[in-house]
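Participant: Okay, handing you the structure first.
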Amino acid sequence: MTKLKVYEYPHPILKQKAQRVEKIDDDLRKFLDDMLETMYEEVGVGLAAPQVGVSKRIVVIDAEQEKDEQGNKRGNPMYLVNPEIIWRSDEMVCGEEGCLSVPDQRAEVERNAKVRVHYWDYDGVEREILADDFLAIVIQHELDHLDGILYIDRISRLKRNMLLKKLKKYRENLAHEE
Ligand code: NI
């Protein structure tokens with residue numbers, strides 16, 4: 001498996017609307033494997049294809065990872081191809097989110113408490129799930145990536161400006177350490 005490069009804010013690919021996948025074949029499965037591997041190595045709970053420079057409607061998620069001494073371990077990996085939210089609950093929840101494309105930052109985001117999602121899986125089988133709790137939040141965050149939306153687009157301008165200032169500082173510190 002190949003570890004892929006994660007593109008970070010403000011790379012323009014993160015603002016693009018991703019294209020639908022036409023065929024689920026071995027080439028695509030190889031890419032899905034690489035995405036999952038990259039997500040685990042970067043210690044993320046989800047990863048969308050645009051984050052690794054591929055503007056396609058593909059997401060991998062593992063919302064059930066249990067941390068061991070080495071970091072993260074495989075819980076329940078999910079592969080979502082051409083995912084679509086077909087129903088959202090009226091009930092909303094607020095949770096703290098982070099993103100591999102916005103390193104070292106977190107912010108509270110409001111999301112629907114439950115969502116029903118239609119997608120194709122690793123084997124090209126059509127599926128539908130009702131997600132709640134943490135998984136519902138992760139799904140909404142990752143699917144946003146496919147429409148060029150980052151979680152920082154869903155917080156107030158004041159909070160976003162503060163967060164982007166902290167991100168700038170974080171990157172300056174990184175540059176000094178090198
Ligand atoms: Ni993200």
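Participant: With runs of 4+ DSSP H residues as the only contributors, calculate the mean residue ellipticity of the chain at 222 nm using -39,500 (n - 2.57) per run, divided by the residue total and rounded to the nearest 500.
Facilitator: -9500 deg cm²/dmol
Participant: Given a 1.4 angstrom probe, I'd like the percentage of the accessible area of the chain that is carbon and sulfur, rounded to a whole number.
Facilitator: With neighbouring chains kept in place, the figure for the chain is 46 percent.
Participant: Through the Karplus equation 6.51 cos²θ - 1.76 cosθ + 1.60, θ set to phi - 60°, convert the phi angles of segment 40-54 into ³J(HN,Hα) values in whole Hz; use x for Gly and Pro.
Facilitator: 5, 5, 8, 6, x, 9, x, 8, 10, 3, x, 5, 10, x, 10
Participant: Amide H neighbours of Lys56 under 5 Å, at least 5 residues apart or on other chains, H built in the peptide plane: list them.
Facilitator: Gln19
Participant: Another one. Pop out the ³J(HN,Hα) list for segment 61-67 in order, Karplus 6.51 cos²θ - 1.76 cosθ + 1.60 with θ = phi - 60°, rounded to Hz; leave Gly and Pro as x.
Facilitator: Working through the residues one at a time gives 9, 9, 8, 10, 6, 10, 6 Hz.
Participant: Would you mind getting the Kirkwood hydrodynamic radius of segment 46-107 from its Cα pairs, rounded to one decimal in Å?
Facilitator: 14.0 Å
Participant: How big is the accessible area of Ile155 in square angstrom, nearest 10, if you roll a 1.4 angstrom probe over the protein chains?
Facilitator: For Ile155, solvent-accessible area is about 20 Å².
Participant: Each residue of segment 109-123 in order: what ³J(HN,Hα) in whole Hz does its phi give by Karplus 6.51 cos²θ - 1.76 cosθ + 1.60, θ = phi - 60°, with x for Gly and Pro?
Facilitator: In residue order, the calculated couplings are 10, 8, 9, 5, 5, 9, 9, 9, 10, 10, 7, 10, 9, 3, 8 Hz.
Participant: Restricting attention to segment 55-123, which trypsin sites (Lys or Arg not before Pro) occupy a DSSP loop and are surrounded by at most 15 other Cβ atoms within 10 Å?
Facilitator: Here the trypsin sites (Lys or Arg not before Pro) that fit, given the DSSP loop and packing criteria, are Lys67, Lys73, Arg74.
Participant: Just read off the accessible area of Trp87 with the full protein assembly in place, 1.4 Å probe, to the nearest 10 Å².
Facilitator: For Trp87, the solvent-accessible surface is approximately 110 Å².
Participant: Please enumerate, by chain and number, the aspartates and glutamates with C-alpha under 14 Å from the C-alpha of Lys23, excluding those fewer than 8 residues away in the same chain.
Facilitator: Cross-link targets: Asp121, Asp123, Glu126.
Participant: Over the Cα atoms of the chain, Rg to Rh with Kirkwood Rh, two decimal places?
Facilitator: Across the chain, the Cα-based Rg/Rh ratio is 0.95.
Participant: Loop-only check: which GluC sites (Glu not before Pro) in segment 31-96 are DSSP coil with at most 10 other Cβ within 10 angstrom?
Facilitator: Within segment 31-96, the qualifying GluC sites (Glu not before Pro) (loop, at most 10 other Cβ atoms within 10 Å) are Glu66, Glu69, Glu91.
Participant: Using 31 Å as the Cα-Cα cut-off, could you pick out the over-long pairs in Lys15/Lys168; Lys67/Lys169; Lys30/Lys166?
Facilitator: Beyond 31 Å: Lys30/Lys166.
The values are calculated or read from the model by the stated rules, or taken from the named source; none is laboratory data. Note that the structure is a prediction, hence the values are computed from the model and not measured. Ideal geometry is used to build each Cβ from the backbone, glycine not excepted, and the neighbour counts take in all protein chains shown. When the accessible area is computed, the model is the full protein with side chains, heavy atoms only, and any ligands, DNA or RNA have been set aside. Shrake-Rupley method; radii C 1.70, N 1.55, O 1.52, S 1.80 Å.
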